[in-house]
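> One structure, as structure tokens, below. Some questions next.
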Amino acid sequence: MRRRSTAMALAGILILTVGAGTTLATPAARSTQPVVQVWDGSEVGTSTLVRTDNGISASFHSSGLPAGQAVTLWFVVFNNPSACTGGCGLDDILFNGAAGGDFLVGAGNVVGGSGTANFGGHLAVGDITGSAFPEIGMPGRSIGLTNPRGAQVGLLVHSHGPKLTGEALVAQLTSFTGGCTVFLGDLELPGSGIADGPEDVPDAVGECSTILASIHMP
């Protein structure tokens, strides 16, 4: 009788343990947002972001891009968006350390003849290997993703102009400055690399700018 009671007790503990594990597991959070042209907000696609305790994953689909261009997808994260000044933006990335901002490469692609681009990327918590801060002379600012469920996440497409070949193409598809000698940009922020209109979409070798964006709020 004692043996049976012990077995039943162990079975009960096992059931409780499995049940507790299921209850405590936090499900992934998913959001889908439009992809827009940065200069006028015109919708050209959609993106989906999946958040877990260990990181974020994104899928990005867009159209209307210049065929043959090398483009990169960037995770722009603000780990503490409540500290942003008047909405998280370029100033918060560069000068507001309290916002916990970083921008990290997610994927690279060459736009096909149809003008569409499809990306998939993942960013793990604490991974700073893809941060662009070292490229722009700010290596000490790289922090990566620290708050996957609470961060404001922007998915931005950066064009590196017509695709090159060999190692130059690899640089275009894996870095922020690869193939770039001129950063086209906002009239109020010359050289910022944020397109201010169709005229800022690169069409010559060496020209670069950020042309598409999709924002996922926490």
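Derivation of every value follows stated rules applied to the coordinates shown; laboratory data play no part. As the structure is a computational prediction, the values presented were derived from the model and not from experiment. All Cβ positions, even for glycine, are placed from backbone atoms using ideal geometry, and neighbour counts span all protein chains on display.
> Semi-axes of the equivalent ellipsoid for the chain, please: Cα gyration tensor eigenvalues, times 5, square-rooted, ordered largest first, whole Å.
Output for the chain: semi-axes of 41, 19, 16 Å.
> Ok, one more. If I model a spin label as a point 7 Å beyond the Cα along the Cα-Cβ vector, how far apart are those points for Ala83 and Ile128 in nm?
1.4 nm
> Quick one: angle between helix 2-24 and the longest Cα principal axis of the chain, in degrees between 0 and 90, rounded to 10, please.
That works out to roughly 20 degrees.
> Place a point 7 Å from the Cα of Ser114 along the Cα-to-Cβ direction; which residues of the stretch 29-59 have their backbone N under 17 Å from it?
44-47
> Modelled label-to-label distance, Met138 and Asp203, 7 Å Cα→beta-carbon offset: nm?
3.2 nm
> Around Leu145, what is the net charge, scoring Lys/Arg as +1 and Asp/Glu as -1 over all other residues with Cβ under 15 Å from its Cβ?
So the environment of Leu145 carries a net charge of 0.
> Oh, and also: Assuming a viscosity of 0.692 mPa s and a temperature of 37 °C, what translational diffusion coefficient in µm² per second does Stokes-Einstein assign to the stretch 37-145, Rh being the Kirkwood radius over Cα pairs?
Numbers: Rh = 15.1 Å.
Answer, rounded: 218 µm²/s.
> Using modelled backbone amide H atoms (1.01 Å from N, in-plane), which distant-in-sequence or interchain residues come within less than 5 Å of Gly108's amide H?
Residues meeting the criterion, in which the H sits 1.01 Å from N, are Leu73.
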